[in-house]
Structures are given as structure tokens and as C-alpha cells.
1. Can you tell me the orientation of helix 100-116 relative to the chain, as the angle in degrees between its alpha-carbon axis and the longest Cα principal axis, to the nearest 10?
2. If I compute solvent accessible area with a 1.4 Å probe over the protein chains, what percent of it on the chain is carbon and sulfur?
3. Please give the charge dipole size of the range 49-99, origin at the Cα centre, charges +1 on K and R Cβ atoms and -1 on D and E Cβ atoms. Round to the nearest 20 debye.
4. Tally the DSSP beta bridges in the chain and give the antiparallel ones as a percent, rounded to 5.
5. Measuring from centroid to centroid over Cα atoms, what is the spacing of the range 397-444 and the range 68-82 in Å?
6. Along the positive direction of the dipole of the chain (beta-carbon charges: Lys, Arg +1; Asp, Glu -1; about the Cα centre), which of Ser293, Ala281, Val105 reaches farthest?
7. What does a probe at Arg31 reach in the range 372-404, counting residues whose amide N is under 11 Å from the point 7 Å along Cα→Cβ?
8. Rank-order 254-263, 379-388, 11-20 by packing density, defined as the average count of other C-beta atoms within 10 Å over each peptide's residues, highest first.
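The values are calculated or read from the model by the stated rules, or taken from the named source; none is laboratory data. The structure presented is a predicted model; accordingly, all values stated were derived computationally and were not measured. Backbone-built Cβ (ideal geometry, glycine too); neighbour counts: all protein chains shown. These area figures cover heavy atoms from the full protein model, side chains too; ligands, DNA and RNA do not enter into them. Shrake-Rupley method; radii C 1.70, N 1.55, O 1.52, S 1.80 Å.
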Amino acid sequence: MMELLVEGGTVLTMGQEGTIRDGALAIEDGRIVAVGRAREIKPKFRRYERLDARGCIIMPGLVNAHQHISMGLLRGYADDYPLKEWLEQHIWPLEAKMEPYHMYVGSLLTCAESLLSGVTTVNTMYHYAHPELNEAKAIADIGMRGVVGHVCFSWRKEEDRRALDDLVRRWHGAADGRVRVSVDPHAPYTVDPDYMVELRRLTNEYNERYGHKGTITFHVHVAETPDEPDKIREAFGVSADEGVVAYLDQLGVLGPDVVAAHCVALTGKDIAIMAERGVKAVHNPVSNMKLASGVSPVVKLLRAGVLVALGTDGPCSNNTADMFETMKFASLLQKVVLNDPTALPARTVLEMATIGGALALSWPEIGTIEPEKKADIIVIDVRKPHLTPLYSEESHLVYAVRSSDVRTVLVDGEIVVENRELKTMDLADIMEKATKAKEDLLSRLEEGKT
């Protein structure tokens, strides 16, 4: 393991130490062992390898709390459609032609984009169809951190059960603990009430057996569009008129390990239940705007005491893995909808993208720069025209920084991006494989039409 001293920049700890200008932090065995003023830290760690961060902001790696990383291969395939038409007429037919290799390559592509953009941890929901060619393997191979789930539907219960069992046994706690697993019901309108309860029970059982390696979370799309109660009624003949979260609470499936993606069309009762049960919300502003799904009541959630994290959603409903763009849109969207320029200030958004994401994924060892935390660190070069002059690091990070300003990225104390170059895999090779995989996928789709 590398012994490293990151020195000379402004350390935005996102923890109790706040912002430390001319700061430094020491890393040993993948963990942060000290953080403070450079003049105090440097003499104690003279033998450590140095990383010069002068003129930079040093901060925790960003946590993308809702993604579908395999869909990197589908970016731009079908745009400008309503959600139902987008899924049923375009995305699902093409996904039906995807083989495990396509999923692995698409995942590698999104992981590479994510790391280069300062995202060190991702929470992804997709199909687990192969023990090796899958999202978990891609995350492990490229040196990222992630939570990987198999998406479950009522129409394939036996297949889901086999996939979940294999995913948990093989991958929970893999890659030196960088990979964890979640149980992922797709949505309340695609998973029937009995199956939703069964998946909750399975999650509890998996945590009893494997929870010593980290929490196995329950990751589900919730209230993504206003018509979701109607879809639940049409699909299963049950009422969700008091709210989708209220419906899930009646099933007894909610708790602090639930990661609820989107949370757009919430009732007042829904918000109160989320606060009471400790359910974590993930706001996906760019995807929700692109699909015209609506605007999540983020400010109401926060005021009620609900933890809110941020996600990009998948690469073909966003269409990037850029969390800096997501942070900016998250803030601006609340301001314009509420007609309040004070809504969702920069500091709050940064918390949502770092420690908020970490806590949403039940992974408190990341998300801040503090002793004993995992050394997931990004270094952002602010010596740029669009970042000069600098009055407030927090303001710049949300409103002015671009993902291309990320210079260096560490995961578990290992340098995975250095001077904007991916160090763990050949980026050109990943992109070439992705292009070939795209052509193969389109040819399979055409063959299916003949």
C-alpha cells in the first residue's frame, strides 16, 4: 500500500475540520491517518511520497448514489421521448439484445468517465447475468468503489433469486472491500406486493449472513412520475393513492437501508414516513428534467430530516456521469421552482454529493476527509480562467468547476487518475471496445426485426 502526503492545496474536509487552506493529509494503507495545516503535517511524514496539490482543491471523492453503469453503451440511443415510451419502445428492446460482454464493456466505459470526473463511488442497478462479465467486475477491474445490484421484476422471479444469490456470494466485500451488493426491486409498479415483501426478507437474510462485510442495501426507483399510483393500481389492483412511499410502508419494506431513487411525486405523508423510517432519497435532477418527470421536493425533504443524496441516473437518460453538472442543476432547479435564490445553497449540495451519498449507501467510512476514513480523494485544479478569482471554494465547486478540472483521483489510497490520465486501464482500448460493442448490439437488434 502507498504511503502518500498530499500537500499544498486547500483541503475541503466536508467534516468537522471544515476548510483548511495550505493544508495537507497523510495516507497510509488506504486510509487517511492525518489532516491539517501543511506546516504541521509535513514534518511528521517526511518519508512519505509527495503529491503536490498547490493551486488545487482537495476534497472527498464524489458519490453517485443512483446509476445504471452498463447503459454507457446506450448513451444517445433514444432521446426526447416520454419515460414510458422511452423505456418500453426503445430502451428495453435494445437491452434485450445485450449479452454479458456488452454490459461489462458499457460498465467499464461509465466507470472510466466517472473516475475522470471525480466520482470515486457509484451505486448501480442493472441486470446481473454472468459471474464475471458484469458491473461488479468492471468496478473491481478499474479500481473504483461501488454498490452493485441486480434489478428484480415480477416476471422473472426465479431468475432473480438465482442472480441475487450468486451476486451476493461472489461479490459482496470483493476487491478488498471496494465492491458491495444491494437488492434492487425495479419499482413498485413492476414488482408485485408479495415479491416486494420477499425481496425485503431476502435483504434481511443476506445482511444476517454477509453484513459483517458491509450493509446490503435495498435500492428501488420510487415515485419517479406523478402517474405511478395509477400504474401500481393497473398492474396489481392495489391502491397507492396516499402516496407510493405510504404504499411501500404498508408492505413493511421501509427502513434506514432503503435507497429510494428519484422521489419526484411525493405526498406530504410520503415525506413524513421517509423521515420516520430513515429512508434515504436520491435526487436525479438532470435525468428528471430530460424525461420531464417532474421536480423532487428536495427542500421539503431536507427540512423534514430526510437524508438526500445525488445521482446522475444512467448514461442514456442524462447523458453523462458528470456529478459537477448534477450538483449545479440540483441547486439551480430548486431555486427557480421555489422562486428562492437561497434554496439549496452550495454547501448543502456538496454534502449531498459526498457525505450524503456515503450515508445513503450505508458506507460511513467514506465521504469526508478525516483520520481513519478511506482515502477516496480528488484533487481539482483551480488555476483556470473560469475559476479565477476564487472567493469561495464551495461556490466554485457547485457553480463553476467542470468535471474536466479534476486532476488527480485516489481510491483506497491508490492513484487511479493522475494528471487527467486513467492509470488503471487503457482508456483508448475501452473506448474502442465500446464502439465495437455498440455496432454488434445494433446488428443484433436489426437481425431480430427480420
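1. With both axes taken from Cα atoms, the answer is about 40 degrees.
2. 50
3. 240
4. 45
5. Value for the Cα centre distance between the two parts: 18 Å.
6. Working it through, the farthest residue towards the positive pole turns out to be Ala281.
7. 372-375
8. 254-263, 11-20, 379-388
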